[in-house]
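Here is the structure we will look at, set down as structure tokens.
What follows draws every value from the coordinates through simple rules; no lab data is involved. Only a predicted model underlies this, so the values are computations on that prediction, with no experimental measurement involved. Here Cβ is always computed from backbone atoms with ideal geometry, including for glycine, and neighbour counts include all displayed protein chains.
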Amino acid sequence: MSITVATQTSASVIVFHFGSQSSSTKVFLVCVVVSNLVGYLSSIIAVLLIHRKPQIARVFGGIGSAAVTTGFLLMIAMFLPSYLVWIVGLAFVTFFFVLCLTLML
């Protein structure tokens, strides 16, 4: 997961640096980078705590998964035409529904 998050964050930073984006796209890119950073740090904390405090590690793992997925979906939304953004919204709703069900078990 570490390599995937690093690759996704690097791609968004490269696009931010070399592309000429509108102000809304720049906001999306900042959100993607912050979301990936939160996901990476939460996942690392979950790995470090898995043997000592498994319940806390499970919560941090869920937070990390949610953050990385949010960053990925936001990055997809940046490149979609405006009439297809509803697909990303549907993916957000589905993902968070599944995440809530997973954390309840």
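Before moving on, here are some points about what is shown:
- Stokes-Einstein D for the chain, Kirkwood Rh over Cα pairs, 37 °C, 0.692 mPa s (µm²/s): 225 µm²/s
- Residues 102, 25 arranged by fewest to most Cβ contacts within 10 Å: 102, 25
- The chain: angle of helix 85-104 to the longest principal axis, Cα-based, in degrees nearest 10: 10 degrees
- The angle between the Cα long axis of helix 23-49 and the main principal axis of the chain comes to about 20°, on a 0 to 90 degree scale.
- Angle between the chain longest axis and helix 54-79 axis [Cα atoms, degrees, rounded to 10]: 10 degrees
- Ranked by the mean number of other Cβ atoms within 10 Å of their residues, highest first, the peptides 59-65, 84-90 fall in the order 59-65, 84-90.
- Residues 92, 79, 28 arranged by fewest to most Cβ contacts within 10 Å: 79, 92, 28
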